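Encoded as structure tokens, the structure appears first; notes follow it.
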2 protein chains.
Amino acid sequence: MKKVLVITSGGLDSTVLLYQHVVAGDYVRALGVNYGQRHQIELQYAARNAHSLGVPFTIANMSSLAELLPGSSQTSVSVPVPEGHYAAENMKATVVPNRNMILLSLAIGHAIAHGCNHVSYAAHAGDHAIYPDCRPVFADAMDAVAQVCDWTPVRLLRPFIHMTKTQIVLEGNRLGVDFSQTYSCYAGQPGIHCGRCGTCVERAESFAEAGVKDPTNYESPDFFRTAKAKA
Amino acid sequence: MKKVLVITSGGLDSTVLLYQHVVAGDYVRALGVNYGQRHQIELQYAARNAHSLGVPFTIANMSSLAELLPGSSQTSVSVPVPEGHYAAENMKATVVPNRNMILLSLAIGHAIAHGCNHVSYAAHAGDHAIYPDCRPVFADAMDAVAQVCDWTPVRLLRPFIHMTKTQIVLEGNRLGVDFSQTYSCYAGQPGIHCGRCGTCVERAESFAEAGVKDPTNYESPDFFRTAKAKA
């Protein structure tokens, strides 16, 4: 049996990933990382989802990362959250330097400590344009280093790396994911998605494209149509 | 000019490394990581050495790593520090799972945030026998991933990777390093090295082999001769 540590944020992509491994019958553990992001609401969703699936869940408290890696709107309240389409230039403000290598290295260490030989993360094709550490070339290189970081190789799984978010919504729908129990808004208001930040626009767009009913409570439910036209 | 972030622990190897980059005329920053190790004495040495060389020094506070990566004598007080020669089987208790990938990923993120395009660390040939993440194959793989984790490549320097600790002592001696201002004992008593743990034995042995006067204050100054014979 595959023993898999899934990195989960409580967002849509990583929740679908968690379901996928559970449904596949893998032994699953989950890890959420508090890297000093503006809000930890999404980690509450991650904890709830793991709990309802019977998956052991740990939060790595790395809140001092924000100090170490300044300059991103995701970790500094002084940098405003950009609004609009993900692919736009201003979304670069949301990049946390080397975030994924840090998350993956923590996850690989935690996996080794708990006898898991796989780490799985939900990077997908839509991320590549702005996040260098979501590119296939990065995931391939991380998989290579994970195989030599310990005496026993760890493998890095990234089943969504060539999938669009629309395809992930379709996969989640097939697996019976309750999307209302996922949270991914950058603005971080409890119980409501803004509908205007990059991740909200991408989310709303993907449900529309997939033809799957979007149960998300948006402050600006139609903003994504305009943002799309502008991008 | 090379802009280099040096990972320094206050130990002998990384202090020599820091001197080497400063003497080479590189722009140098230094990073120490509190990963929840039993004692932080060595980080005080790191801070002092950086200060005396005029190098900006940051401590990354990752003390909750100990919880995430249990089971090592370096992070758990419940696991005793083994005594004897480094190469021995019992030294495996000192391995922190995936420690170097975590340290390097933090350092690479910090380097990117501060415009450094190189990260340098002091893994050396003597570490390979017990630490999988000190092997050249691991360092090569980390260098590869560092080149694709951001839009601008970061390179990983590891000038000591094929050197013995004896050669590092000789290099430090050539550079005028004050070895009394380095600390590497696993037992972590202020102002004194035990002389019996793996790193003390290796330290004492290396000075003896290099023919360089050892200024270290050891509790058991001759223990290393017996440990060597047993290994």
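The values are calculated or read from the model by the stated rules, or taken from the named source; none is laboratory data. Everything quoted here is computed from the prediction, not taken from an experiment. Because the Cβ atoms are built from the backbone with ideal geometry, glycine has one as well, and the counts that use them run over all protein chains shown.
Counting only residues that are among the polar types (S, T, N, Q) and surrounded by fewer than 19 Cβ atoms within 10 Å (Cβ to Cβ), which one in the range A:31-46 is farthest from the other protein chains (Cβ to nearest Cβ)?
Filtering first and then ranking leaves A:Q44.
For residues in the range B:58-69 being in contact (Cβ under 8 Å) with a residue 40 or more places away in the chain and touching a His at 6+ places or on another chain (Cβ under 9 Å), which is farthest from the other protein chains (Cβ to nearest Cβ)?
Among those that are in contact (Cβ under 8 Å) with a residue 40 or more places away in the chain and touching a His at 6+ places or on another chain (Cβ under 9 Å), it is B:T58.
Regarding the range A:47-61, can at least one residue be identified that is in a strand (DSSP E or B), under 14 Å from the mean Cα position of the chain (by Cα) and either crowded, with 24+ Cβ neighbours inside 10 Å or modelled with pLDDT under 95 (or both)?
no
To keep it simple, each residue is scored yes or no on (1) acidic (D, E); (2) under 30 Å from B:D140 (Cβ atoms); (3) modelled with pLDDT of 90 or more.
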| site | (1), (2), (3) |
| --- | --- |
| A:D143 | yes, yes, yes |
| A:K165 | no, no, yes |
| A:G172 | no, no, yes |
| A:Q189 | no, no, no |
| A:I192 | no, no, yes |
| A:R203 | no, no, yes |
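Out of all the residues in the range A:210-229, is one or more exposed (fewer than 14 other Cβ atoms within 10 Å of the Cβ) and touching a Ser or Thr at 6+ places or on another chain (Cβ under 6 Å)?
Yes, that holds for at least one residue.
Starting from the range B:215-227, take each residue that is farther than 19 Å from B:G191 by Cβ and list its partners that are among the hydrophobic types (A, V, I, L, M, F, W, C), counting only C-beta distances under 6 angstrom and pairs at least six apart or across chains.
Hits for this filter: B:F224/B:V201; B:F224/B:A204; B:A227/B:V201.
If I go through the range A:12-35 residue by residue, how many of them are outside any strand (DSSP E or B) and hydrophobic (A, V, I, L, M, F, W, C)? Even if it seems obvious, please write down each step before you answer.
Restricting attention to the range A:12-35, the residues satisfying the condition of being outside any strand (DSSP E or B) are A:12-26, A:35.
Going one step further and asking which of them are hydrophobic (A, V, I, L, M, F, W, C), we end up with A:12, A:16-18, A:22-24.
Final tally of qualifying residues: 7.
Does A:L5 qualify as being more than 12 Å from the chain's Cα centre (by Cα), crowded, with 24+ Cβ neighbours inside 10 Å and in contact (Cβ under 8 Å) with a residue 40 or more places away in the chain?
yes
Can A:N98 be described as crowded, with 24+ Cβ neighbours inside 10 Å and either touching a Ser or Thr at 6+ places or on another chain (Cβ under 9 Å) or at pLDDT below 75 (or both)?
So A:N98 fits the description; yes.
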